[in-house]
Every structure is written in structure tokens, then in C-alpha cells.
Ligand SMILES: Nc1ncnc2c1ncn2[C@@H]1O[C@H](COP(=O)(O)OP(=O)(O)OP(=O)(O)O)[C@@H](O)[C@H]1O
Ligand SMILES: [Mg+2]
């Protein structure tokens with residue numbers, strides 16, 4: 001079954017929307033519209049009665065709620081109706097708290113409970129927390145912002161790859177339609193996340209003919225006949241809007 005994403009002009013590129021219970025990866029540079037796409041996707045589901053969960057790992061949810069409330073997505077109302085949920089699963093400790101504790105923290109790197117607690121949680125810890133939310137609130141649409149925050153919890157590259165593939169494999173069993181956001185550093189470097197996801201979408205924000213241009217591109221979408229070209233993207237009062245081909 002396909003569900004509408006809520007992004008104007010996008011569903012026409014993918015045979016009508018996302019397939020349910022699949023995991024999609026949305027990757028893009030800073031400010032390219034990843035968060036907007038994610039909240040729009042959840043707001044669309046929430047307005048149809050499907051509970052949406054936005055998991056933040058980098059940004060505090062209140063900032064995202066404030067920014068997205070500028071758009072006509074009904075974010076505050078959907079939150080009040082408990083159809084749109086935000087969960088902060090990022091590092092727990094604020095700097096102020098750390099400063100107060102500094103005299104108790106060992107000067108040695110990685111020694112002392114407090115410094116460990118302040119680090120990014122591992123993919124398995126994050127997954128268990130997400131799974132608990134999904135089952136308690138019967139979540140149907142899930143956004144994780146962003147996977148880059150938990151990718152680097154170990155320095156061992158092969159372990160990172162294994163952990164990410166395990167994380168995505170487990171997400172596929174949750175029973176919700178999931179959108180993972182990731183920070184794009186090198187568009188030509190393929191990552192485990194891209195191979196493991198059912199679909200991969202790139203957001204672009206680049207200098208083109210002396211003008212900064214926003215675009216979206218579907219890299220892969222399993223089981224779907226899709227458009228592969230770059231399409232212009234703009235922001236309007238409802239959020240992101242996909243337009244015609246890049247000239
Ligand atoms: N009302 C608006 N009209 C036009 N553009 C806007 C508006 N509000 C925000 N923007 C643009 O949206 C960008 C932020 O979009 P968004 O937060 O979805 O991007 P992101 O890819 O999640 O960024 P980050 O990498 O920082 O998380 C802003 O940098 C700005 O350029
Ligand atoms: Mg963002």
C-alpha cells in the first residue's frame with residue numbers, strides 16, 4: 001500500500017507515495033530541507049489519523065517545533081491531539097550541568113561516568129527507545145533526525161558499518177513507515193545506510209549559474225518506477241514543494 005508523503009509534487013514522482021512499513025533515507029547538506037520534509041511527512045499522516053514520531057538526536061525538539069509552526073502544517077494542533085510526537089534521544093547532559101560537575105570529572109579522556117553519559121547514545125540504545133515509543137503510541141510514521149549523530153559512536157569503521165546495517169534491519173521490523181535523515185558530506189560516497197534502505201532521496205543546495213539552487217533527486221526506490229532527475233524545490237507556506245526539472 002502507498003501513502004501520501006504530504007510534499008506537494010513529490011508523490012507523482014514515485015507512483016503515488018511511499019510504500020508502507022518501508023525504510024527511506026533522505027540525505028542532504030545543511031539547510032537543504034531535510035527537517036521540513038520529515039515534519040511535513042509526519043503532519044500529513046497525523047492529519048489522516050496516523051500517529052507520527054519525530055526522533056531528534058542533534059537538535060532540541062522545541063526548536064524544530066517552533067520553526068515548523070511557521071508553516072501551515074498544523075504542528076501545534078497535531079501535537080495537542082497526540083497525533084504528532086517528538087522525542088529527544090540525543091545526549092542527555094547540558095553544558096551548564098557538565099560545568100557544575102567538572103570538579104568531579106576525571107581529567108583523563110573517557111574516564112568518569114559523567115563524560116560517558118554526555119556522549120551520543122549507541123544505535124542499539126536508540127533503537128530500543130524508539131521501539132518502546134512505537135509500541136506504546138502505535139506509531140505509524142517515524143522520522144529519525146539524524147542518523148549521522150549515532151553513526152560515529154565508535155571509531156572502528158567496520159563496526160560502524162555493521163551497527164548501521166543492524167540498526168536499519170531492525171527498523172524494518174517495527175511496522176512503521178520510516179524516514180531516516182542523514183547529513184550529506186560527499187554525494188559520491190556510498191554508505192551502508194544507502195544500500196540498506198528501501199529508498200534513497202537526495203536533497204541538493206548548490207550554486208548554479210550564480211544562484212543558490214535547491215533540488216531533490218530520487219536515487220533509488222525499490223519496487224517503484226520513479227523519476228531519477230533533479231527537480232527544483234521551493235519552500236511555500238505549507239513547507240517544501242517539488243517543481244519542474246532543473247533547467
Ligand atoms: N519560510 C521560509 N521560506 C523560505 N525558506 C525557508 C523558510 N523557512 C526556512 N527556510 C529555509 O529552510 C532552511 C532550513 O530547512 P531545514 O531545517 O528543513 O533544513 P535541514 O536540511 O534540516 O537543515 P540542517 O542540516 O541544519 O538540519 C533554512 O536554512 C532556510 O533556507
Ligand atoms: Mg534538520
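General remarks:
- Rounded if a/c under 1.5, otherwise prolate or oblate - the stretch 134-219, Cα gyration tensor axes: oblate
- A simple packing score, the average count of other Cβ atoms within 10 Å per residue, orders the peptides 205-216, 38-49 as 38-49, 205-216, with the highest score first.
- Just checking the listed ones, 128, 220, 34: in the Gaussian network model of the chain with Cα springs under 10 Å, the one fluctuating most is 128.
- Taking 87, 149, 72 as the candidate residues, the one with maximal mean-square fluctuation in a Gaussian network model of the chain, Cα springs under 10 Å, is 72.
- Calculated FRET efficiency for the pair residue 8/residue 206, C-beta based, R₀ 25 Å, to 0.05: 0.70
- Taking the centroid of alpha carbons for each part, the stretch 19-71 and the stretch 172-194 are 14 Å apart.
- Packing around the peptides 175-183, 191-199, 58-66, taken as the average count of other Cβ atoms within 10 Å per residue, puts them in this order, highest first: 175-183, 191-199, 58-66.
- If you plug the beta carbon distance of residue 80 and residue 1 into 1/(1 + (r/R0)^6) with R0 = 25 Å, you get a FRET efficiency near 0.30.
- Full extension of the chain segment joining residue 159 with residue 132 gains 7.2 nm, where the gain is 0.36 nm per residue of separation less the Cα-Cα distance.
- Rel. contact order, % - alpha carbon contacts under 8 angstrom, at least six apart, the chain: 29 percent
- Cα gyration tensor category, rounded, prolate or oblate, for the stretch 170-226 with a/c compared to 1.5: prolate
- Once both labels are positioned 7 Å from their Cα atoms along Cα-to-Cβ, the gap between residue 189 and residue 122 label points is 2.4 nm.
- Prolate/oblate/rounded call for the stretch 149-198, Cα gyration tensor, a/c under 1.5 rounded: oblate
Where a number appears in this text, it was derived from the coordinates with a stated rule and is not lab data. Because the structure is predicted, anything quoted here is derived from the model rather than measured. Every residue, glycine as well, gets a Cβ built from its backbone with ideal geometry; the counts of neighbours run over all protein chains shown.
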